1. Please list, or write none, the lysines whose alpha carbon is within less than 28 Å of the alpha carbon of K98, excluding same-chain residues fewer than 8 places away.
2. Could you work out how far helix 3-108 tilts from the main Cα principal axis of the chain, as a 0 to 90 degree angle to the nearest 10?
3. Round to a whole number: what % of the accessible area of the chain belongs to carbon and sulfur, probe 1.4 Å?
4. So with the 1.4 Å probe, I'd like the accessible area per residue for the chain, rounded to whole Å².
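The values are calculated or read from the model by the stated rules, or taken from the named source; none is laboratory data. Just so you know, these numbers come straight off a predicted model, no measurement behind them. When the accessible area is computed, the model is the full protein with side chains, heavy atoms only, and any ligands, DNA or RNA have been set aside. Shrake-Rupley method; radii C 1.70, N 1.55, O 1.52, S 1.80 Å.
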Amino acid sequence: MTFTQFIPILTLFASLFGAWITIRITIAELKKDITHLQEKLELITTTRNEHEKQSKADMKELKDDMKKIFESINEMKVGMARMEARNEGKDEVIGQLKDAVTTILKEKK
């Protein structure tokens, strides 16, 4: 076999080797892209989970604050009702005292 007969065989091997290198490079690039996308997905998932946890914590804090506000309002209502009851009681006592004094004064005359 002469060199000219080996040229097609060498060309075939060279093109197969070139295709093999191209495929290896493409696979390496795809692996790199997949790794990058997995990392990005993991980051997004982690961030979303952190935001959900923070949101739940904020909602719990808001609920606790609302409970405290309503408890304070209820305490204020109870205090006002007590004050009104005391005032009504005082008015009744004062009214009865006036009646008693008036009765005593009428009896003395």
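1. K90, K106, K108, K109
2. Roughly 0 degrees between the two axes.
3. It is 65 percent, rounded to a whole number.
4. Values: 10510 Å² over 109 residues.
Dividing the accessible area of the chain by its residue count gives 96 Å².
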